[in-house]
1. Per-residue HN-Hα couplings for segment 137-148, Karplus 6.51 cos²θ - 1.76 cosθ + 1.60 at θ = phi - 60°, whole Hz, x for Gly and Pro?
2. Compare 67, 51, 317 in a GNM of the chain, Cα atoms joined below 10 Å, and give the one with the largest fluctuation.
3. Which aspartates and glutamates does residue 366 reach when only Cα atoms under 14 Å apart count, and residues fewer than 8 places away in its own chain are ignored?
4. State, as an integer percentage, the relative contact order of the chain based on alpha-carbon contacts under 8 Å between residues 6 or more apart.
5. Using only alpha carbon pairs under 8 Å that are at least six residues apart, calculate the relative contact order of segment 1-133 and give it in whole percent.
6. Give me the dipole magnitude in Debye, nearest 20, for the chain about the Cα centre, with unit charges on the beta carbon: positive for Lys and Arg, negative for Asp and Glu.
7. Under a 10 Å cutoff between Cα atoms, tell me which one of 47, 14, 290 has the largest fluctuation in the Gaussian network model of the chain.
8. Could you pull the Cα extents of segment 257-406 along its three principal axes, largest to smallest, in whole Å?
Amino acid sequence: MHCTKKVKDDLIWVGANDRRLAMFEGIYSVPDGVSYNSYLLTDEKTVLFDTVDKAVIERFIENVTHTLNGRKLDYLVVQHMEPDHCAALQEIIARYPAVEIVCNAKSLELIKQFNNFSLDTEERLNVKIVKEGDTLKTGRHNLRFLMAPMVHWPEVMVAYDETDKILFSADAFGTFGALNGAMFADEVDFKKDYMDETRRYYSNIVGKYGVQVGALLGKLSAFPIELICPLHGFVWRRDFGDIIEKYKLWSQYLPEEKGVMIAYASVYGNTENAAEIFACRLRDKGIKTVMFDVSVTPASEIIAAAFKLSHLVFASTTYNAGIFVAMEDFLNDLVAKNIQNRTIGFIENGSWAATSGELMRKKFDKCKKIDVLEQVISIKSGVKEVQLAEIDAMVTAIARDFNEGR
């Protein structure tokens, strides 16, 4: 049985929710599920914007069939060829063989790579290649296409409906989490219940590509927008200035808040103890702190916190003359996300050769605009009185940053 939602009188959500998925892209936990959004415009010509993941194809086809109500499907717009959005492409073509696929040249390459049919044979010429600024008239509506490479694949484009001022934003402005009956962001307490998952989605899925996100935001600034329809998460119909402002900060790698994110790796609890003492003394100064054990907390959650806060401190035991395994894996992931504009500090531990601090610091040589605190907390096995002075020195340095507005 179908389950559709009206976005506007002639624009229907025909996607589906997946609450059984454990790991999005095989790496990011989604305890609250995920939505795969697809939209069907029922103008003089019918237009389907993207499809869905293979896990929800049956429900998606029911939704499309019900919404068309016997009408033919004229266009299928492929904004993003990632399989969670286009796994049903072959099914749609099989059911609606006259449908014209609207995509860019890079998308066409990926369509051929992901599917077993050819779209450029004499039997299959229903492909409309669009470039930057091209338009498609569907009756009352006029769609304009804008390229958005690396947000977050190279073929991504977005569509802007000039008639109703709707942005079909592909992966931009999306979030983890199933929709649970709601369609619009203003139907829920988004800031309280979904902003953290939106940040985690952005920082891990497109965080590496801040420059490209900024370029897309620059393009969009020329267009009045009244609705944002992403491929994951809620539709935005009001107060979306807040999410756009977040995207501006995130794309420039600017922190949202002053605070210290402490990530630690500890084998027998001594490095954790140093991190705990450090956090307590920061709090005594009125400084916000969050703490994560990299051995048990998913990296995606820690990365999201790193995108939020201004100061990052990493504490690791030395392990096999290097960085503890879980910490090294996490730092490699964080650096790959292009983290910038942060002040960072290090706590190292080593019973006979404490080398983890300098090795962690070197990981950030690839990152831009990183200020490294001169103070280093170096522990030999357990925390002693001498380390308390080192902890206080780093706390004082961070407090000075906060007082100076850094």
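The values are calculated or read from the model by the stated rules, or taken from the named source; none is laboratory data. No experiment lies behind these values; they were computed from the predicted model shown. When we count neighbours, we look across all protein chains shown, and the Cβ atoms used for this are built from the backbone with ideal geometry, even at glycine. Heads up: the accessible areas ignore ligands, DNA and RNA and are worked out on the full protein's heavy atoms, side chains in. Shrake-Rupley method; radii C 1.70, N 1.55, O 1.52, S 1.80 Å.
1. Ordered by residue, 3J(HN,Hα) equals 8, 10, x, 5, 9, 10, 9, 10, 9, 10, 6, 9 Hz.
2. Among 67, 51, 317, the largest mean-square fluctuation in the Gaussian network model of the chain belongs to 67.
3. 333
4. Result for the chain is 11 percent.
5. 19
6. 500
7. 290
8. The Cα atoms of segment 257-406 stretch 39, 34, 25 Å along the principal axes, largest first.
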